[in-house]
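Each remark here refers to the structure printed beneath this line.
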Amino acid sequence: MVSVTDLQTMYEQMVTARHYEERLVDEYLVGKQPAFDISAGPIPGELHLAAGHEASGAGVCMHLRDDDTVTAPHRPHHIAIAKGVDLKRMTAEIFGRKTGLCRGKGGHMHLFDPDVNFACSGIIAQGCPPAVGAAMAAKKRNTDSVAVAFLGEGAIDQGGFLESLNLAAVHDLPVVFVVEDNDWAISMPKDRVTDVQNGAQRAAGFDLPGVRIDSDDATAVYEAAGEAVMRARDGNGPTLIEVQVHRRMGHFMGDAEAYRSEADIDRAKQRDSIERLAEDLRSHGVTDDELDEIRERAHERVEEAISWAKEQPEPGPEEAYENVFTNPPTQAATDGGSAADASGDADETGGDN
Amino acid sequence: MATESRDYTEATETDRELTMSRAMVEAIAWEMRENEEVFYMGEDVADYGGIFSSTTGLLDEFGRDRVMDVPISETAYLGAAVGAAQAGMRPIAELMFVDFFGVAMDQIYNNMAKNTYMSGGSFSVPMVLTTAVGGTYNDAGQHSQTLYGTFAHLPGMKVVVPSTAYDAKGLMHSAIRDDDPVVYMFHKRLMGLGWMPSPSGPKTGVPKEDYTIPFGEADVKRPGDDVTVVTLGLHVHRAMEAAEQLDDDGIDAEVIDLRTLVPLDTETVLDSVRKTGKLLVVDEDYQSFGVTGEIVARAAEGALDDLSAVKRLAIPDVPIPYARSLEDEVNPGTDDIAAAVRELHE
Ligand SMILES: Cc1ncc(C[n+]2csc(CCOP(=O)(O)OP(=O)(O)O)c2C)c(N)n1
Ligand SMILES: [Mg+2]
C-alpha cells in the first residue's frame, strides 16, 4: 500500500512538472509572438510538453534509485523531474547554455544526466534498446539495479520496441517498459495505426506480463510499477505497463491541432491526475494548507531553476568541436589534418615516415 | 548536359508565385489525378497535411486510400512502398525527417536501391521517397541533418534536392514518372512554412501546367567570372546572398545549384571551373567523405590544369549541436561563404 508520504512526494513531482512546463511555455513564447517562428527567442527548436502525463513519470520513478536507468522519449520533462535529474542544469540545457546538462549540445529532446542514469532519444522507440542494455549490464554485474524505458503509444508499432521486448524476455532482463498512451501520435489517433485495444497486449506475444492502467491515477501507476520494478529487481524479468494519460496540449508548441475535436481536448483537460491526487491526499487527512505549501515549494524550485538557467553563459563557438569523442584522435577531423601535422602527433598515428 | 544557356522565361512566365511546398504538392496532385497507381503514405500526411506541408490538401481531394497515414513503422511502410513499386504501382512514401532513415535503412539501401540491379534489371522500383532535411532552427543532432552524401553514396537511388518552387514542381513530376527510386529531399527552411520563415529566394513563379526538369542538369543561378560556388538546397540562397555582397566589392562569383546529386551534372561544374579556375563547394552535410569531396574530386579529375584554388565549406564532422551559438558555428552562413570566396579570390 502506498503511504501518505509517498503520495505527497508524487504530488510534489507532478505539480513541479506541470508548473515547470507552464513556465517553459512563457519563456518559449518570448520572441515567438505575434508570429510564431520556431527558431526565434531564448528557447528555439521543437518543444514537446507533457501536461497530462505526470502521473506516469511520478508513479513509476517513485520506485527507482539513482543507480536505476531511465530512458525517455521526445516528451521527457515529467520523467526527468521524477527521476531526479538536476532541474537547474536541465533548464540551462533547454535554454542552450554552457552549463546545461549537455553543454548546450542536446536540448530538450536529448537530456542526459549520468548522475541519475537518465538519457533520451528523440527517435521513436529508440530509447528501448539502450534500456535493455543497462539491464543487461546490471544482470552481468549481479547488481540489483533495473532499467525503465518510457515510450508513447505511437511507438508500440516500432521495431526498436518490439525487438527490445523479445531480447529482454528471452534473457529475463530487469527492464520495465512504460507506454504512455495519450491516444495520439501527433495527428494520428491510435485506432488508425494499430488494431490492438491497448499497448499492454503486445506483451502476450513475447511471453512477458502486460499490465494496462486505464486511468492516469498516480496511485494505480505506483502500485503496478511497484510490482514490475520488484519483479525486475528480484531477477524475474521484464514487464510491460501501459498507462492511459492525456495530452492536454498540442503535440509540440505551435501545433494548432486542427485534426483534433474541441470535445477531445476538453475531455483530456477534465481528467486531471493532479487534482485527483490532491483529492486522495485530502481524503487521507492532508489539509489544503499543506497542499498549498507543497505547491509553493514546487513553484519556488521551478523559478529558481529558470532564473539560474537564464543567467548562464552561452557556449562559445569553439565548443562545437568538443565531445565528438571521449578520446579525440587528433584535430584531423575538423581542420583537414593541419593541426595534427603541426603538432607532430601524426607520426604516432602510424604514418610511414 | 550543361545548361548554362537554358531558358526558363517561357516556363516561368507567370505572375503566380508559389511556396516550395505548394509547388511540390501541386505536382503530386497532378500526377495522382493522371495516374491511379500513384499514392502517398507517411506519418501525419493525411489530416495534418505533412509536418512540413508536403501533402496539404491531398486528403480532401484523394481520400484515405490514396493519402495514407501509417504507423510509426518506417521499416514496414518504406519496405511496403518498395513492394508496391515492384508490383507496378507508383508509391510516394514520406520519411518525416531524413534523420529517421536509421530505423529503416535496410529497406532503403538493400531493397529499394538494389533490387533493380540484383534482379539483373528484371524488376524496377518506381517509387519516390520524400523526406525533410536540414537545420537552422535548433532542433539538434537527431532532427537537423541533410545526409545528402549518405544517400548519394549508395548506388541505385536518384537523389533530388530542389531549392526553388519552380524546381520543386518540375523535379517532382520527373521523380514520380521516373522508373527508378528517387529520394526527394526538401529543405524545411525552404518550404515557405508560416512557422519557419524562408529566405525570399525559394518562392518563385510556377506555371499551372505540368512540366518536368530532367535529372542531371545543374542550374547556373548567377553567372560570374572570378570564383565558382557549387552548392545545393538552402545554401543556394546563402551563396546568392554572398555573391551579391561580393559583387559590391567587385568580385564576380558564379553560383551553381546542383539540383540533383544522382545523376550529377559534372559538365556544368567543369565548364565553370575552366572559366574561373577557382572552386568553392558549400554543403550542409558533413564534410568528410561527402558532397564537397566528390565535387572537388570531379573538378580535379576533369579540369586539374585549370584549377588554381579549391575550398570547401560544410558541417565540420560534428553532430549538429542544439544551442544557437553552436549550430551557427557549424552550419556555413552567408558570411562564411563570402569570406571563403574572398580568400580564393586573393
Ligand atoms: C522513427 C521516428 N519516426 C517518426 C518520428 C516523428 N515523431 C516524433 S513524435 C511522433 C509521435 C509519437 O507519438 P507517441 O509515441 O504516441 O508519443 P506522444 O508524442 O504522443 O507522447 C512522431 C511520429 C520520430 N521522432 N522518430
Ligand atoms: Mg501518443
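What follows draws every value from the coordinates through simple rules; no lab data is involved. Keep in mind that this is a model prediction, so the values were computed, not measured. Because the Cβ atoms are built from the backbone with ideal geometry, glycine has one as well, and the counts that use them run over all protein chains shown.
Using a ≥ b ≥ c from the Cα gyration tensor of region A:49-188 (square roots of the eigenvalues), is it rounded, prolate or oblate, where a/c under 1.5 gives rounded and otherwise the larger of a/b and b/c decides, a/b for prolate?
It is oblate, given that a/c is not under 1.5 and a/b is not larger than b/c.
Distance from the Cα centre of region A:205-231 to that of region B:217-259, in angstrom?
Result: 60 Å between the Cα centres.
Run the dipole for region B:219-345 about the Cα centre, Lys and Arg Cβ at +1, Asp and Glu Cβ at -1, nothing else charged, and hand back the magnitude in debye, nearest 20.
Computed about the Cα centre, the dipole is about 220 debye.
Tell me the angle of helix A:218-233 to the major Cα principal axis of chain A, expressed in degrees between 0 and 90 and rounded to the nearest ten.
Long axis of A:218-233 versus the principal axis of chain A: about 50 degrees.
Straight-line reach from B:Lys275: which lysines have a Cα under 16 Å away, not including same-chain ones fewer than 8 places off?
Straight-line reach from B:Lys275, under 16 Å: B:Lys221.
So what does the Cα-only Debye profile of region B:88-144 read at q = 0.17, 0.28 Å⁻¹, as log10 I(q)/I(0), no solvent term?
Reported log10 I(q)/I(0), two decimals: -0.64, -1.14.
Taking each pair of different alpha-carbon atoms in region B:174-292 once, compute 1/r for the pair, average those values, and report the inverse of that mean as the Kirkwood hydrodynamic radius in Å to one decimal.
Final number for the Kirkwood radius of region B:174-292 is 15.6 Å.
Return an integer: the convex hull volume of the alpha-carbon atoms of region B:14-206, in Å³ per residue.
Once divided by residue count, the hull of region B:14-206 is 110 Å³.
Amide H of A:Val148: which non-local residues (sequence gap of 5 or more, or other chain) have their own amide H closer than 5 Å, using H built in the peptide plane?
Excluding prolines and chain starts, which carry no amide H, the hits are A:Thr69, A:Val70, A:Thr71, A:Val176.
For helix B:291-303, report the angle its Cα long axis makes with the longest principal axis of the Cα atoms of chain B; keep it between 0 and 90° and round to the nearest 10°.
Tilt relative to chain B: about 60 degrees.
Using amide H atoms built 1.01 Å from N in the peptide plane, name the residues 5+ places from A:Cys120, or on other chains, whose amide H lies under 5 Å from its own.
Distant-sequence amide H within range of A:Cys120: A:Ala72, A:Leu111.
Please compute, for the alpha-carbon atoms of region B:266-338, the extent along each of the three principal axes and give them in descending order in Å.
Its Cα atoms span 42, 24, 17 Å along the three principal axes.
At 1.306 mPa s and 10 °C, plugging the Kirkwood radius over alpha-carbon pairs of the protein assembly as shown into Stokes-Einstein gives what diffusion coefficient in µm²/s?
The Stokes-Einstein estimate is 59 µm²/s.
Normalized C-alpha radius of gyration of chain B, against 2.2 N^0.38 Å?
The value comes to 0.95.
Give the aspartates and glutamates reachable from A:Lys98 as a straight Cα distance under 13 Å; neighbours fewer than 8 places away on the same chain don't count.
Partners within reach: A:Glu311, A:Glu314, A:Glu318, A:Glu319, A:Glu322.
Taking the Cα atoms only, what angle lies between the long axis of helix A:159-170 and the longest principal axis of chain A, rounded to 10 degrees?
Here the helix axis deviates by roughly 80 degrees.
Normalised by the number of residues in region A:1-122, what is the relative contact order in percent for Cα pairs under 8 Å and 6+ residues apart?
23
Using the C-alpha atoms of region A:231-309, what convex hull volume per residue, in cubic angstrom, is computed?
Per residue, the Cα convex hull of region A:231-309 comes to 212 Å³.
Among DSSP beta bridges lying fully in region B:14-206, give the percent that are antiparallel, nearest 5.
The antiparallel proportion sits near 10 percent.
Among B:Lys203/B:Lys311; A:Lys105/A:Lys310; A:Lys88/A:Lys310; A:Lys105/B:Lys311, which pairs are too far apart, with a Cα-Cα distance over 18 Å?
Checking Cα-Cα distances, B:Lys203/B:Lys311; A:Lys105/B:Lys311 exceed 18 Å.
Taking the convex hull of the Cα atoms, report for chain A its projected area averaged over all directions, in nm².
21.5
Going through region B:207-297, which GluC sites (Glu not before Pro) have at most 10 other Cβ atoms within 10 Å and a DSSP loop state?
B:Glu209
Give me the percent of DSSP beta bridges within region A:155-256 that run antiparallel, rounded to the nearest 5.
In region A:155-256, approximately 15 percent of DSSP beta bridges are antiparallel ones.
With +1 on each Lys and Arg Cβ and -1 on each Asp and Glu Cβ, how big is the dipole of region B:278-327 about its Cα centre, in debye rounded to the nearest 20?
I would put it at about 180 debye.
What fraction, in whole percent, of alpha-carbon pairs in region B:219-345 exceed 19 Å separation?
42
Using modelled backbone amide H atoms (1.01 Å from N, in-plane), which distant-in-sequence or interchain residues come within less than 5 Å of B:Thr204's amide H?
When sequence neighbours closer than 5 places are left aside, the close amide H contacts are B:Leu18, B:Ala165, B:Tyr166.
Region B:90-169 to region A:85-100: how many Å between their Cα centroids?
Centre-to-centre (Cα) distance: 35 Å.
Using Cα pairs under 8 angstrom and six or more residues apart, how large is the relative contact order of chain B, in percent?
18
Which chymotrypsin sites (Phe, Trp or Tyr not before Pro) from region B:266-337 combine a DSSP loop assignment with at most 15 other Cβ atoms within 10 Å?
Qualifying residues, ordered by number: B:Phe289.
I'd like the trypsin sites (Lys or Arg not before Pro) in region B:190-240 restricted to DSSP loop residues with at most 14 other Cβ atoms within 10 Å, sorted by number.
Qualifying residues, ordered by number: B:Lys208.
Please state the charge dipole magnitude for the protein assembly as shown, taken about the Cα centre, from unit charges on C-beta atoms (+1 on K and R, -1 on D and E), reported in debye and rounded to the nearest 20.
Dipole magnitude for the protein assembly as shown comes out near 1140 debye.
Taking region B:134-225 on its own, what percent of its Cα-Cα pair distances exceed 22 Å?
36
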